[in-house]
Amino acid sequence: MRLGASIWGFYRETDSKEWPSPAEAVHKILSIGEPLGVEVWGALAMDRPQVSGQELLDLASACREAAFVTLHIQGRHWSWSPRNLRSEIDLAHQLGAETLVLHPVCLGLVEEEDRPDWPEIARIAEYSAKFGVRLAVENMRDSIWMLDRVLDEVGDDPEDTNLGVCIDIGHAHISRDAGREPITDYLQRYARQLVHLHLHDNHGESDEHLSLGDGTVDWETVTETLKQSGFSGTAVLEIHSSSGISLMEAIEKGLMALGFPP
């Protein structure tokens, strides 16, 4: 498993006057040690426009120093828009990202009666493959039916479809659609499609994005399940807050809990 961290915590629920540039946020994460990857966003907040100009060039330059790069789709693109998806794929390519993380809503899938444009989704996945960017659909709370439907319609082999699954451990922990051990069930159910992980903790009720060990996720079981499945993809800490310590300290704490540095 290749480890890294998301830059989103530097912007989530913090004073915008204290925001580092995206490039600075990447460098902060990489300063922890090698080899670390990063997950970046194209905007600094849900309602902000995409970074551009020199700021984007600096971000691309910083990303080249990372062990790997993944891109999370911008909040203002959380709706079905083939144009926006292709724009995000172009951005991923510019940043050297190997994976673009999507929410089901980005494919037009919110309610069970929704009828996404599956042929167009397949074409978008093919477009992404041309740039070496794999799409990964992230689980939300109680989203087995969503992931299953995507895989049933598009195909369940990421090597063929260029579309896999990102399991968000925090989202799985608060889900009620996967039995008594939801995280284990999610990881095992989608082991063949799993290409990326979001790692953060909570207390099983809400999506808190805490540092590892600050909630009730059994991280020993998580790592053992991943080991048994032979997972060798990318995983990023997606921490927004932690009690009593800074974001950088929370990231370092989480990485140490996972055995970093190797």
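How about segment 77-87: which of its residues are among the polar types (S, T, N, Q) and assigned to a helix (DSSP H, G or I)?
Of everything in segment 77-87, those that are among the polar types (S, T, N, Q) and assigned to a helix (DSSP H, G or I) turn out to be Asn84, Ser87.
Filtering segment 143-173 down to residues that are outside any helix (DSSP H, G or I) and within 17 Å of the chain's Cα centre (by Cα), which residue is farthest from Ser211 (Cα to Cα)?
It comes out as Asn162.
Within the group Ser79, Ser6, which residue is crowded, with 20+ Cβ neighbours inside 10 Å and closer than 25 Å to Glu138 by Cα?
Just one listed residue meets the conditions, Ser6.
So if I check each of Ser211, Ser241, which one is touching a residue at least 24 places away in the same chain (Cβ under 8 Å) and surrounded by 23 or more Cβ atoms within 10 Å (Cβ to Cβ)?
Exactly one residue qualifies, and that residue is Ser211.
Suppose we keep only residues that are of a type in the set (A, V, I, L, M, F, W, C) and surrounded by fewer than 22 Cβ atoms within 10 Å (Cβ to Cβ) within segment 155-181. Which one would you say is modelled with the highest pLDDT?
Ile174
Just one of (1) touching a strand residue (DSSP E or B) at 6+ places or on another chain (Cβ under 6 Å); (2) under 19 Å from Ser6 (Cβ atoms) trips up Leu163, so point out which.
So Leu163 meets the others, but not (2).
Consider segment 34-56. How many of its residues are more than 18 Å from the chain's Cα centre (by Cα), of a type in the set (D, E, K, R) and within 16 Å of Glu88 (Cβ to Cβ)?
Qualifying residue count for the region: 1.
Identify the residue in segment 229-258 that is part of a loop (DSSP other than H, G, I, E, B), modelled with pLDDT of 90 or more and not acidic (Asp, Glu) and, among all such residues, is farthest from His27 (Cα to Cα).
Gly230
Go over the candidates Asp114, Asp90 one by one and state the one that is in a loop (DSSP other than H, G, I, E, B), over 23 Å from Ile239 (Cα atoms) and of a type outside the set (Phe, Trp, Tyr).
That would be Asp114, the only listed residue that is in a loop (DSSP other than H, G, I, E, B), over 23 Å from Ile239 (Cα atoms) and of a type outside the set (Phe, Trp, Tyr).
Within segment 1-26, track down each residue that is of a type outside the set (Ser, Thr, Tyr) and either modelled with pLDDT under 95 or more than 17 Å from Ala97 (Cβ to Cβ) (or both).
Met1, Gly9, Phe10, Arg12, Glu13, Asp15, Lys17, Glu18, Trp19, Pro20, Glu24
Would you mind finding the one in Ser31, Ser21 that is farther than 21 Å from Met140 by Cβ, among the polar types (S, T, N, Q), surrounded by fewer than 16 Cβ atoms within 10 Å (Cβ to Cβ) and over 17 Å from the mean Cα position of the chain (by Cα)?
Sole residue among the options that is farther than 21 Å from Met140 by Cβ, among the polar types (S, T, N, Q), surrounded by fewer than 16 Cβ atoms within 10 Å (Cβ to Cβ) and over 17 Å from the mean Cα position of the chain (by Cα): Ser31.
Return the residues of segment 79-99 that are under 21 Å from Val38 (Cβ atoms) and not β-branched (Val, Ile, Thr); say none if nothing qualifies.
Within segment 79-99, Ser87, Glu88, Asp90, Leu91, Ala92, His93, Gln94, Leu95, Gly96, Ala97, Glu98 qualify.
Anything in segment 7-18 that is part of a loop (DSSP other than H, G, I, E, B) and more than 18 Å from the chain's Cα centre (by Cα)? List them, or say none.
Across segment 7-18, the qualifying residues are Glu13, Thr14, Asp15.
Conditions first: (1) modelled with pLDDT of 95 or more; (2) under 24 Å from Ala45 (Cβ atoms); (3) of a type in the set (A, V, I, L, M). Leu226 passes all but one, so which condition is the exception?
With respect to (1) modelled with pLDDT of 95 or more; (2) under 24 Å from Ala45 (Cβ atoms); (3) of a type in the set (A, V, I, L, M), Leu226 is out only on (2).
Yes/no matrix, rows are residues, columns are (1) under 16 Å from Arg141 (Cβ atoms); (2) of a type in the set (D, E, K, R); (3) outside any loop (DSSP other than H, G, I, E, B):
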| site | (1), (2), (3) |
| --- | --- |
| Gly179 | yes, no, no |
| Ala191 | no, no, no |
| Gly213 | no, no, no |
| Thr223 | no, no, yes |
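The values are calculated or read from the model by the stated rules, or taken from the named source; none is laboratory data. Worth saying up front: this structure is predicted, and the values here are computed from it rather than measured. All Cβ positions, even for glycine, are placed from backbone atoms using ideal geometry, and neighbour counts span all protein chains on display.
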